[in-house]
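Q: Please see the structure below; I have some questions.
FYI, it's all coordinate maths here, none of it is from the lab. What you see is a predicted model, and the numbers here were worked out from it, not measured in a lab. Positions of Cβ are generated from backbone atoms using ideal geometry, with glycine treated the same way; all protein chains shown enter the neighbour counts.
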There are 4 protein chains.
Amino acid sequence: MDNLRKVLVSDIDSGKINIFGRLGRVRQPLPLLFNGSGIEVVVTGSELWIDIETNSDFHEPWVAYELNGALMARQMVLPGEHSICLFRNMEPTTPKRVRFYRELQAMSEDDYCKVLVKDLRLNGEFCEVPKYKRKIEFIGDSITSGEGSYGATTDIDWLAMYMSASVNYATMTAKELEADYHIISQGGWGVFCGWDNDPRHNIPSVYEKVCGLVAKGSPVDKELGTSEDYDFESWQPDVIVVNLGTNDATSFDQVPLYIPELGETYKMRKNADDSYVREDELKIENAIISFLEMLRKHNPKAHIAWCYGMLGSQLNMTITEAMNTYRQKNRDENVSFFQLPNTTMETYGSHMHPGLKSHQNATKALCDYLIEKMDWK
Amino acid sequence: MDNLRKVLVSDIDSGKINIFGRLGRVRQPLPLLFNGSGIEVVVTGSELWIDIETNSDFHEPWVAYELNGALMARQMVLPGEHSICLFRNMEPTTPKRVRFYRELQAMSEDDYCKVLVKDLRLNGEFCEVPKYKRKIEFIGDSITSGEGSYGATTDIDWLAMYMSASVNYATMTAKELEADYHIISQGGWGVFCGWDNDPRHNIPSVYEKVCGLVAKGSPVDKELGTSEDYDFESWQPDVIVVNLGTNDATSFDQVPLYIPELGETYKMRKNADDSYVREDELKIENAIISFLEMLRKHNPKAHIAWCYGMLGSQLNMTITEAMNTYRQKNRDENVSFFQLPNTTMETYGSHMHPGLKSHQNATKALCDYLIEKMDWK
Amino acid sequence: MDNLRKVLVSDIDSGKINIFGRLGRVRQPLPLLFNGSGIEVVVTGSELWIDIETNSDFHEPWVAYELNGALMARQMVLPGEHSICLFRNMEPTTPKRVRFYRELQAMSEDDYCKVLVKDLRLNGEFCEVPKYKRKIEFIGDSITSGEGSYGATTDIDWLAMYMSASVNYATMTAKELEADYHIISQGGWGVFCGWDNDPRHNIPSVYEKVCGLVAKGSPVDKELGTSEDYDFESWQPDVIVVNLGTNDATSFDQVPLYIPELGETYKMRKNADDSYVREDELKIENAIISFLEMLRKHNPKAHIAWCYGMLGSQLNMTITEAMNTYRQKNRDENVSFFQLPNTTMETYGSHMHPGLKSHQNATKALCDYLIEKMDWK
Amino acid sequence: MDNLRKVLVSDIDSGKINIFGRLGRVRQPLPLLFNGSGIEVVVTGSELWIDIETNSDFHEPWVAYELNGALMARQMVLPGEHSICLFRNMEPTTPKRVRFYRELQAMSEDDYCKVLVKDLRLNGEFCEVPKYKRKIEFIGDSITSGEGSYGATTDIDWLAMYMSASVNYATMTAKELEADYHIISQGGWGVFCGWDNDPRHNIPSVYEKVCGLVAKGSPVDKELGTSEDYDFESWQPDVIVVNLGTNDATSFDQVPLYIPELGETYKMRKNADDSYVREDELKIENAIISFLEMLRKHNPKAHIAWCYGMLGSQLNMTITEAMNTYRQKNRDENVSFFQLPNTTMETYGSHMHPGLKSHQNATKALCDYLIEKMDWK
C-alpha cells in the first residue's frame, strides 16, 4: 500500500474514466448523487484503492463495486472518510476494469446524505476506458431506485439497504446495450403525486435541477449545488425511459393526506365502479403532458419511451391518453409507450417490490424493445 | 368395437357435454367452426370413439384430442367420414375426460372446409362434465389462430397444418383460468385491414355473423347457416380479449394493393420520419372505436381487454388513442389495454410466428393480468 | 392424389432414405419393430403419402411424423391398411425432410402388434438424405420406451398411447448429436429381472435376436423373423447407452412372484437395514457383467456408457461394482458410468414416469457427456 | 451507537446463537476457520454491530452477512480491528435474524489468515435462534470453497475474492434442508493428491485436526490450536457429503512435479488409450478406502454420500470401485455415490469453476437426493 500513488479523480484524463450519473458544478471530489452514479476505470497494476468521503443522517449510503463487470462487493458506508481496496495482488500487466458506484438513490429525506469520490490510489497505469455507444436516461420511482431488490421477501422496513443500482433493470439494460446511463428516481414519488397523495412528490418538479431531490438549502445543496439548474446540453441521451405512474395509481387507494404546510387535504378519488374520478385522472394526464414537454425542451432529439408496468398496469389508459394528447398537440411522434413485464409472486424481492428476477425480465423485454425501436445493432 | 352404443351429440344431456366455440342454427351434426371449437365429455367405459364428417378443398382441417387434459393425438382429416378411436382398453369404472377439437381456424379461403361431429360411440356412461367458472371470448388474427405454433422455424409455407388450438395462448389461458372460451380469428386480418392492405379483411365485418369468415353463399354457409346473425345472448362472456392490430401495422410496410373487384388501390402510408400518416392512422382508430361499440352492444357486461404485442407493439399509441376516444365518448370504463410479451428469437415457431414458448409466455402474463383485473380467485 | 406415383420402400435408393431401428431379414414391406424405428426421406413435390399396414390385439401401435424436424402429427393406428398424407399443397421445388416413425415400443405382450411401411406416394423426387455422423444404440426399459411421456400426471393405466419416441431422451439425444440411432427397450424389464421379480423379463435374453421382445413363434415372428439372430455387423454403433436397472431396483420392494410355468417363486430381498441381500445384489451384478460381455462381443469398438438415474439412483453402487468387476476382469476401459438427472415432481409425465421436461433434462446432460467423452465436435 | 451494549460471543446463551463450522479449543474471540463458518443470532432492537479482528498476508479474508436469509453485504477485510454495522434504524420490536460468516476458505497458503469474532453490540435483546433439524458436513475442494463463484467468466487470477460461502451449493443445500453445516475444503486438493500431482495436498491428511489446513506451527495455529485433534464427538453429522476427486483426476493431465523438500518427482500417469495407469488409479482408490474408514471411525452413524461431478465425472468408475471395495471390506452399507450435475458453458463462474447457476443446479439435485435417501421431511 505504501508504494501506491494517489490520483485525484479530476486529474484522470477524460478518456481514461467513465463517470455515470448527473453532475453539477462540483467535480472534485466527485459527488455520486444518484443510485448508479459512479466511476469506471481500466487500470494495470496489482492493486487499486478508492478514497471516498460520505455523510448521512438516517439513510446511510451503500456502495458497490464490480471487477470486469462482475459484482465483487457491496457495503454500507457510515459518515466519514473511507479507503476501500478494490483489488490487490492481481497480475499487474493485465488491465482490470473496475466500476465503483452508489447503490442508494438520491435521498430526499436525508439532508446530509452524500458520497464523494476523492481519488484513486494505484501502482499501475490508467488505460483507455470502453466508450459506450449510446446514452440512456432512466426516470423513475422506487422501481428504478431498486427498492426491494435486496432483502428477504418478508422484509418491510423502508431502509437504504434494500435499494440498489446493482440489481436494477436500469443498470442491467444500460450494460446489455453498452450504454452510458443516468438515473433520476425517487421511491414513493409519481409524475403528479406520491403514493400517499402528496402532490409535492412529483419528479417533474425536480427534473431541471442538478439533483432536485436533495432539499434546497440543505448542507449537501450548499456544498454541491444540487439545486442549481442542470446543464442538459452537457449530456444528451438517445433515449429517455420514463418509468413513472405506479405511485400515482396507488394514491387512489390511499387515505386522504392533510399537509399542514400547505393547509390542505389531498386525495385522488375513485368512482363507485372503481374507475378514476375524471377530474383526478386529468391531473395526472396534465402532469404527464407537461413533463413530456419539459423532457422534449431539454432533450430535443431523444426518443422518449414511457415504460411502465413492473408493479401493475393500472394506469395504461391514463398514461397513453396523455401521451396521445401530447403527441397530437405537439406533433411529436418521437414518443412511445411500452409495457414492462409485471412482477409476480415468483419475482418479488422485499416489501412487495421487484426482485432480481423481475429486474432481469424487465431488462430482457426493454432491451429487445429498444434494439428494435431504435434500430440498434 | 361391436358392443359400443352410438349416441348423437344432440342426445347427450347438456350437463354431460361441454361445447366450445360459437354455434349457429345447426346443432346436429355439430359443426366445429373455429379453431378451439370442440366438445368435451366425461365418460366411463373402456372405449370411446367419435364419428365426424369433414370436407375441404385446399385447406384441409386438422383435429386434436386430449385425455384428462393432456394432448394425445393430432392429425389431418381429409374429406370424408372418419371414425376416430379416442381411447380403448382403459379401466372401465374410472371416468375419463376427453376433449376433441378443431385445430384449424375458420377458413375464409376454402369454401368447403368443415368439421362436423356426428356422434360418440362408447361402452360406458356419460358423467357430469366440469362446469367452467368463466367465459372468455378471444378475437384475433394469425396469432390467435395459432399460426406457426407447429412447424420448424424454417418453414414458410402458408398451410393449415401449422395452425392450432392446441399450442395457443387462448386455449392455454382458458384452461388455466378454468374458463369456457370462444375463438374468432383469422390469419392476415386486422381491425381495419389485412396485412396486405386489403380493407375487406377486417374482423369487425364478420363478427356479428355465426361464422362470417366462411364465404357467404358458399356450400358450407348454405349447409350450416354461417352467415346468419349470431345469437349473442346465447353466450355472454365475462371478458373479451381482442388481440388485433398486428396486420394493420404490417400494412404500412407493404406495397399498394389493387383490388379489381373494388376497382381501387389500397395503401396505408408512412411519413418520411417513419411515423404513420395521420389520415391512415385514423382509419384504424375509427375502426377500433366502431368495433368497441359493436362489442359493447352485443356484450353489455363484458370487460373488454385489448391484449396486443406478441409480434411487436408498433400500434400501442394508435390503439390506446382509439380506446381512450371510445372510453370518453361512451363513458365506458370497462375496457383496458394490456401488452402481451413480444415473441423473440428464442420463442418463434414457424414462419416468424409465435411458437410454444411464446404462447406460454403470453398465457402466463395474460392469466396474471385477468386474475387481478377481474378479481378472480 | 391421382397424379402421385407409388415407390416401394425397397426401391428407394439407399442414399435417399434413412432407416432408423434394427432390421431383420424382411425389408419390404419395411417393419418398424421398435419405438423410434422409422424412415426419413427428403422429397420435392407438393404432396407425400405413406402407405402402411398394421396389426395388433390389445396394444395398438401409435405413429408420428415430423416435417423438417418438427412434430406435425401423432395418431393411433388400428389393424388394417392406412394411407396417411404426410403433407400436401406445399411449394413443390423446395425439398422437404420427413421422418415417419413408430411411437410404441416393441410389444412383448401383444403377439399381433406390427407396423409395416409399404411404400411412399409422391409427385416429386427423392433427394439425398442427411448422412448422420454417429451411431448410438439405446438399450432400456420404460424410460427409453417413453412410457408416461404422454398423458396427464394423474393417468395410471398401462397403455400404448402413453409411450413414445417423439418425447424421448433417446430420440432427442440422437437428433441433437446428429446421430443415427437404435432403441431396444421394454417397459417393466430389467437387466436381471422385471419390476415384479419376473426373471424372464431381462433385456440381455432378447438382445441378440432381431426383435426378441416379440414372442417366439408368434404370428409376427413367423412373418418377420424377429426371433432370428440379429446381424450385428450390419450396424456398429459408436456408443451404446444402457439405461437399465430401474426395474431391478424396484423388484426389491415388490411382493414375491410365483410363476406357474416355472413352478417357482421369485423375490429380490432386502436386509433389515434396507440394504440389498448380497446374494440377490450379486444376481444383478452377474447379469450386468454378462451383459457387458455380450455387448462387447457384438460391438467390439463401441463405447459402452451405462446411463442411469432418471427414476432414482438406488442401484449406483451395484451397477458400478459390476462394471468395475467387468472392467478388471476383461481389461476393458472402454466403459463408463454416467448418472442422468432424476425426475422430480415438476418433471413427471403420466404414471410417475419422466415427462417432456425430464426427457429434455436428460438429453442436455447426456449430450454434454457424450460430446466430451467421445471428443465429438 | 453510543447506547449500544457490547456482548461477548461467549456470553451469548447457547440457545440464542448458532455457530457454523468447526471449532477448536479457543472460543473467545470466536475463530471463523472455514468458509461458511459464522454466527447467527436473532435480535430485537434497531441496531446491531459486530466487532471482529482479522489478519492475513497475501490472501485477505472476505466476509458476508445476511438479514433474514437474504444477502445484504459482502466485503474484503484487511488486517486489523473492524466494527461492522449489520443493520440500523430498523423497527425495534421485530426480531431480526442475522448471519455473519467467512467467505474465504481456510487458507493453507497464508500463515496469518484469520477471522475472529469478538462481540456484538446491540440495543435490543437476543432471542431464541432457529434450531436446525439436521447436521451435514461438506468435505471438498475448490468447488466446495466456492472458487469462481464470484468474478467474471474471463477472470483467471487465483485470489481470495473469487471464493465464497454465499454462492455455494453447500450453504444453499444446508439452508434448503434446514441443516446446521460444516465445510472442510481446499482449492486444488484431492483425496489422494492435488491438481498438480502434489501428494501432500490431500484432505484426509488434515481431516482429523481442528483446521489442519492452517500450517502447523504457524502464528494462527499457535494462537488458535488449529493443528490440535478435532473433537468429533462434539458435532456428529447426519450426513457427510464428500465432493472430492476433481483434482485427483486433473493430476493425470498435468506435468510431473518435482518436490525439493521430498526429493522426488510425482506424476499420475495415463496409458496410451487415455485410461489411467492401474497402479496410479489404485493410489486414489486406496486413499478413498482409507478416508472412508477414517470418516466412519469418527462418525459412526453418519450416512456418507460421495457427491461428485460438478466439474466432470472422469473418476466415476474409480471412486465407485473404491467405495465398493470399502463397502464389502467393512460390511458398511451406509455409503452411497451420487453424481452432481456438471457445469456447462452457461453455468460457469470465473476461471472455469462453477458459477451461481451451477451451484443452484447442484443444490436442487443434492437436496432431492438427500431428502429421498435420508427419508427427510
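Q: Please average, across the residues of C:142-152, the number of beta carbons from any other chain that are within 10 Å of each residue's own beta carbon, and give a whole number.
A: 2
Q: Counting other C-beta atoms within 10 Å, and keeping those with at most 14, which DSSP coil trypsin sites (Lys or Arg not before Pro) do you find in segment A:184-230?
A: Here the trypsin sites (Lys or Arg not before Pro) that fit, given the DSSP loop and packing criteria, are A:200, A:216.
Q: Note down the nm distance, to one decimal, between modelled labels 7 Å out along Cα→Cβ at residue D:253 and at residue A:329.
A: Calculated label separation equals 6.7 nm.
Q: What average number of partner chain Cβ atoms lie no more than 10 Å from the Cβ of the residues making up D:360-370?
A: Mean partner shielding for this stretch: 2.
Q: For chain A, what is the percent of antiparallel DSSP beta bridges, rounded to the nearest 5?
A: If I count the DSSP bridges inside chain A, around 70 percent turn out antiparallel.
Q: For every other residue with a beta carbon closer than 14 angstrom to the beta carbon of residue C:75, add +1 if it is Lys or Arg and -1 if Asp or Glu, then tell me the sum.
A: Here the count lands on -1.
Q: Follow-up. Rounded, prolate or oblate, given the Cα gyration tensor of segment A:50-184, with a/c below 1.5 counting as rounded?
A: Verdict is oblate for segment A:50-184.
Q: Hey, got a sec? Which GluC sites (Glu not before Pro) in segment A:302-369 land in a DSSP loop and have at most 11 other Cβ atoms within 10 Å?
A: In loop regions of segment A:302-369 (DSSP not H, G, I, E or B), the sparsely surrounded GluC sites (Glu not before Pro) are A:346.
Q: Which whole number of Å³ per residue matches the convex hull of the alpha-carbon atoms in the protein assembly as shown?
A: So the per-residue Cα hull volume is 192 Å³.
Q: Right, here's the next one. May I ask you to give the average projected area over all directions of the convex hull of the Cα atoms of chain B, in nm² rounded to one decimal?
A: 19.0 nm²
Q: Can I ask one more? Mind checking Rg over Rh on segment B:325-377, alpha carbons, Kirkwood formula for Rh?
A: 1.15
Q: I would also like to ask the following. Quick one: Kirkwood hydrodynamic radius for segment C:246-377, alpha-carbon pairs, angstrom, one decimal?
A: Here the Kirkwood hydrodynamic radius works out to 16.8 Å.
Q: Let me ask you something else. More than 18 angstrom separation, counting every C-alpha pair in segment D:227-301; what % is that?
A: When all Cα pairs of segment D:227-301 are counted, 58 percent exceed 18 Å.
Q: Quick check for me: using +1 on Lys/Arg Cβ and -1 on Asp/Glu Cβ, what's the dipole size of chain B about its Cα centre, in debye to the nearest 20?
A: Its charge dipole is roughly 960 debye.
Q: Per the helix-only calculation at 222 nm, which mean residue ellipticity applies to chain C, given -39500 (n - 2.57) for every DSSP H run of n ≥ 4 and division by its residues, nearest 500 deg cm²/dmol?
A: Mean residue ellipticity, 222 nm, calculated: -6500 deg cm²/dmol.
Q: Summing Lys, Arg as +1 and Asp, Glu as -1, what charge do residues with Cβ under 15 Å from the Cβ of residue C:354 carry, residue C:354 excluded?
A: Net charge around residue C:354: -3.
Q: Based solely on C-alpha atoms, express the radius of gyration and the Dmax of segment A:45-85 in angstrom.
A: That works out to 11.7, 38 Å for Rg and Dmax.
Q: Based only on the alpha carbon positions, what is the Kirkwood hydrodynamic radius of segment C:13-116, in angstrom?
A: Kirkwood hydrodynamic radius for segment C:13-116: 14.2 Å.
Q: Sticking with this one: Can you give the convex hull volume per residue for the Cα atoms of segment A:13-65, as a whole number of Å³?
A: Convex hull volume per residue, Cα atoms: 110 Å³.
Q: Moving to a separate point now. Specify whether the C-alpha gyration tensor of segment C:168-269 places it in the rounded, prolate or oblate class, a ≥ b ≥ c being the square roots of the eigenvalues: rounded for a/c under 1.5, otherwise prolate if a/b is larger than b/c and oblate if not.
A: In terms of gyration-tensor shape, oblate.
Q: Something else about it: Set the Förster distance to 35 Å, then compute FRET efficiency between residue A:27 and residue A:58 from the Cβ-Cβ distance, nearest 0.05.
A: 0.80
Q: Out of the trypsin sites (Lys or Arg not before Pro) in segment D:91-182, which ones are loop residues according to DSSP with at most 11 other C-beta atoms within 10 Å?
A: D:131
Q: Here is a follow-up. What share of the DSSP beta bridges in segment C:229-377 is antiparallel, in percent to the nearest 5?
A: The answer is about 35 percent antiparallel.
Q: Provide the percentage of antiparallel DSSP beta bridges, counting only those with both residues in the protein assembly as shown; round to the nearest 5.
A: Looking only at bridges with both residues in the protein assembly as shown, the antiparallel portion is about 70 percent.
Q: Under the definition of partner shielding as Cβ atoms of other protein chains within 10 Å of a residue Cβ, what is the mean value for peptide C:322-329?
A: Going residue by residue through C:322-329 and averaging, the value is 3.
Q: Tally Lys/Arg at +1 and Asp/Glu at -1 over every other residue whose Cβ is under 15 Å from the Cβ of residue A:63; what's the total?
A: -1
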